[in-house]
Amino acid sequence: MDGTQWLVLFAGVAAIGWVNWYFFLARRPSFKAASAAGGVQEIVVTVHGGYSPSTIQVSKGKPVRLIFDRQEESGCSEEVVLGSFGIRKFLPAFEKTAVEFTPSQSGSFEFTCGMSMPRGKIVVE
Ligand SMILES: [Cu+2]
């Protein structure tokens, strides 16, 4: 292989490594939902190449309102799935979409896109 081929190979391996790191290993700080008036725990989740914040802490037994602010058009994130809460919702691009539920059990619950790629976590305490 000549120099260019090596370069392409290296760039490819680096890109794969980055994708794996980004989706599976990157630790992002968890975020505690603020309790608004009326006891609803409201939090804005930015959807852009993943979910930010990706870990959300909420209290058990109080209504939660997640506002997904989708700032991209990539097909991957057009649907958000909160399997444990029976929620599957379409997120129009460049719009905010609210998802509401009341967690009745404590634990850690995942939310993902329709293809289970970008992932987030709801920690109920
Ligand atoms: Cu996806």
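Within the stretch 58-74, is even one residue surrounded by 12 or more Cβ atoms within 10 Å (Cβ to Cβ), at positive phi and modelled with pLDDT of 90 or more?
Looking only at the stretch 58-74, we keep the residues that are surrounded by 12 or more Cβ atoms within 10 Å (Cβ to Cβ), and these are 58-72, 74.
Restricting the remaining residues to those that are at positive phi gives 61.
Those left that are additionally modelled with pLDDT of 90 or more: 61.
Yes: the stretch 58-74 contains one or more residues that are surrounded by 12 or more Cβ atoms within 10 Å (Cβ to Cβ), at positive phi and modelled with pLDDT of 90 or more.
Out of all the residues in the stretch 75-96, which are surrounded by 13 or more Cβ atoms within 10 Å (Cβ to Cβ), near the ligand (Cβ under 10 Å from one of its atoms) and assigned to a helix (DSSP H, G or I)?
76, 77, listed by residue number.
It is to be established whether one or more residues within the stretch 65-73 are among the basic types (Lys, Arg), in contact with a Phe, Trp or Tyr (Cβ under 9 Å, 6 or more places away or on another chain) and within 16 Å of the ligand (Cβ to nearest atom).
Yes, because at least one residue in the stretch 65-73 is among the basic types (Lys, Arg), in contact with a Phe, Trp or Tyr (Cβ under 9 Å, 6 or more places away or on another chain) and within 16 Å of the ligand (Cβ to nearest atom).
Just for the stretch 54-63: of the residues that are more than 16 Å from the ligand (Cβ to nearest atom) and in contact (Cβ under 8 Å) with a residue 40 or more places away in the chain, which one is nearest to residue 117 (Cα to Cα)? Walk me through how you get there before you give the answer.
First, pick out the residues of the stretch 54-63 that are more than 16 Å from the ligand (Cβ to nearest atom): 55-63.
Going one step further and asking which of them are in contact (Cβ under 8 Å) with a residue 40 or more places away in the chain, we end up with 55-62.
On the way: 55: 15, 56: 18, 57: 21, 58: 23, 59: 26, 60: 26, 61: 28, 62: 28 Å.
The qualifying residue nearest to residue 117 (Cα to Cα) is 55.
From the set of residues in the stretch 97-125 that are in contact with a Ser or Thr (Cβ under 7 Å, 6 or more places away or on another chain) and in a strand (DSSP E or B), which is farthest from the ligand (Cβ to nearest atom)? Explain how you work it out, then say what you get.
From the stretch 97-125, those in contact with a Ser or Thr (Cβ under 7 Å, 6 or more places away or on another chain) are 109, 113, 118-121, 123-125; that's our starting set.
Subsequent filtering for residues that are in a strand (DSSP E or B) retains 109, 113, 119-121, 123-124.
Details: 109: 18, 113: 3, 119: 10, 120: 12, 121: 16, 123: 22, 124: 24 Å.
That would be 124.
Enumerate the pairs (first residue in the stretch 103-117 and at negative phi; second residue anywhere and assigned to a loop (DSSP other than H, G, I, E, B) and charged (D, E, K, R)) with beta-carbon separation below 9 Å, excluding pairs fewer than 6 apart on the same chain, so at least 6 apart or on different chains.
Filtered contacts from the stretch 103-117: 103/60; 103/62; 104/60; 105/60; 106/60; 106/125; 113/78; 114/78.
The values are calculated or read from the model by the stated rules, or taken from the named source; none is laboratory data. From a predicted model like this one, the values you see are computed outputs, not experimental measurements. A quick note on method: Cβ atoms are made from the backbone with ideal geometry, for glycine too, and the neighbour counts reach across all protein chains shown.
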